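As C-alpha cells, the structure follows; a few thoughts come after it.
The values are calculated or read from the model by the stated rules, or taken from the named source; none is laboratory data. Please read all numbers here as calculations on a predicted model, not as lab measurements. Glycine also receives a Cβ, built like all others from the backbone with ideal geometry; neighbour counts cover every protein chain displayed.
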Amino acid sequence: MNQLQSLTQIQSDALWPSPETHLAEMTPDIPVLYLSPARLRGQAGRFLRHFPGQVTYAVKANPHPVVLRNLVAAGITAFDVASPAEMEAVRSASAAAVLHYNNPIRSEAEVAAGVAFGVYSWSIDDARSLAQLANVPRHCEVAVRFALPVAGAAYDFGTKFGASPEEAIDLLRQVAALGFRPALCFHPGTQCEDPSAWIAYMQAAKEIAACANVQLARLNLGGGFAARHYGTPPDLEPVLLALGQANRRLFGAAGPDLLCEPGRAMVSDAFTLAVRIKGMRDGGDVVFLNDGIYGGLMDLRDMGLPHRLRVVSPDGALRQGAVKARQVFGPTCDSLDQLPDGVPLPVECTVGDYLLFEGLGAYSLAMSTRFNGYGLSELVTVQSLVPRISDERSGQGGVSG
Ligand SMILES: *Cc1c(COP(=O)(O)O)cnc(C)c1O
C-alpha cells in the first residue's frame, strides 16, 4: 500500500531532464528507477509497426500504472495477464483493454474472477484447465499451450506449462468441439536471440492443427523478444519480419492471425536503475549497494550483469577513466545478496556515488521484495535517460570531475 501510494504520487511529478539532474538535486538514499515515457512509447510503436499481427503486453514484466497507461496511449489494446490482480491493474489503466489470461493453472475463484473481468482469451494445457472453462462464453478464444524442448533462450518456460504436441492435438479438437475460437500458444523462453526458436514452434503448431483437423483462428507466439542490454541481440525489426514470413510460408494466405506478448523487450530499455554505493571495504575491492538481488537487481541472478553501466558522483558528474573489477553486495544481511562476479567500476568511485544500470525496466520493480526493509519502490519520470549536451554545460552529468 505504501508502495502504491508513492507510485501514484509520482506520476504527477514533473519530468526531470535526466537521471543525473534528479540525482544531483535530490541525492536520494534509496534506489530509484528512472522511466522515459517517450522511450517506452517508441518501443511500443516499433512492435505495432513491424509485428504482422496483434501486439499485447505481458504485464508481469512491469505492472506499474504509469507503464500500463503509457502503453495504452501508444496504442496497445490487449494485455497478457496471469492473475486477477493483474487484470485489475490493466482495467485501471484502460476500461476497454482486452484481457488474455495465460496462466493455465487457476483456482476456481480465479476462473470466476476471469469471467467477471470479461477475459477474452484463455490458455489451457490439460483436460482439467479446459473443463474449468464451462461457464466461459463461447465467443471467447481458448488457446492450447504447448511446449517443445527448444535451445537458445536464457530461461526455459517450457518446463512449467505446456502440453506435449500429442496432447495438444487432442485438446485442440476438444476446444473446437466445445465451440470456442480455437488457438494455439507457446512461449519460446525469455531473451530469445534467434527467430528459429519461434519458427520451430510455428512449424509444430501447423502440424498440431493439421492432425487435429482444426482451422486455427489465431497463433500466439508468446514473448521472449530480446532486450538490448545483454550482449548484442539482433535488431527487433528483422526478427518480427521473419516471423511474418514464416507464417506465410507455413500456412499460406489463409494462415492464422498472429499475436505476440513481449514483456522484457517492451519495457527494459525505457528504464535506468540508479543504486547507491553505501559502503566499501578492502581498499575498494568489496562494494556494498543500497539495492541487490532481493530488490531491483533480482533479474541479474538469472540473466547476468547488464553491459551498460555508468557511475556518477553525487553531483551527477560521470566517473571516467580506468575501471577495476569488484565484488559487489546488496544491502541485506544475506550473503546470497551478491551481484555476478567482477563488476567493473571506475577506480575513482567512492561511497555516495551512484551506479546507473541501463535497461532495467523488466523484472525489476515487479520482483522487488521488502526483505530486511530494503527494496525498490521509487519511480521517477525523465525526458531522457542519458544526460544531454545542455546538462553537460551546466556541469550536471556527462563530464568528469
Ligand atoms: C512471461 C510471459 C511473457 C513475457 O515474456 P518476456 O520474455 O518477458 O517477453 C509472455 N507471455 C507469457 C505467457 C508469459 O508467461
Tell me, which residue of region 241-265 that is part of a helix (DSSP H, G or I) and within 13 Å of the ligand (Cβ to nearest atom) is farthest from ASN62 (Cα to Cα)? ALA265
Out of (1) in contact with a helix residue (DSSP H, G or I) (Cβ under 7 Å, 6 or more places away or on another chain); (2) surrounded by 19 or more Cβ atoms within 10 Å (Cβ to Cβ); (3) modelled with pLDDT of 95 or more, the odd one out for PHE329 is which? (1)
Answer yes if at least one residue in region 236-254 is more than 17 Å from the chain's Cα centre (by Cα), modelled with pLDDT under 95 and over 30 Å from LEU172 (Cβ atoms), and no otherwise. yes
Selected residue [more than 16 Å from the ligand (Cβ to nearest atom), surrounded by fewer than 24 Cβ atoms within 10 Å (Cβ to Cβ), within 28 Å of the chain's Cα centre (by Cα) and of a type in the set (A, V, I, L, M, F, W, C)] from ALA217, ALA210: ALA217
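Table: residues versus (1) hydroxyl-bearing (Ser, Thr, Tyr); (2) surrounded by 17 or more Cβ atoms within 10 Å (Cβ to Cβ); (3) at pLDDT below 95; (4) out of contact with any strand residue (DSSP E or B) (no Cβ under 8 Å at 6 or more places or on another chain).
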| position | (1), (2), (3), (4) |
| --- | --- |
| LEU4 | no, no, yes, yes |
| SER12 | yes, no, yes, yes |
| HIS22 | no, yes, no, no |
| VAL32 | no, yes, no, no |
| HIS64 | no, yes, no, no |
| GLY75 | no, no, no, yes |
| VAL90 | no, yes, no, no |
Just checking, how many residues over region 105-156 are charged (D, E, K, R), modelled with pLDDT of 95 or more and either surrounded by fewer than 18 Cβ atoms within 10 Å (Cβ to Cβ) or over 21 Å from VAL90 (Cβ atoms) (or both)? 6
The residue from ASP282, ASP291 that alone is more than 16 Å from the ligand (Cβ to nearest atom) and without any contact (Cβ under 8 Å) to a residue 24 or more places away in the chain is ASP282
Could you tell me how many of the residues in region 169-203 are within 19 Å of TYR120 (Cα to Cα), among the small types (Gly, Ala, Ser) and surrounded by fewer than 20 Cβ atoms within 10 Å (Cβ to Cβ)? 3
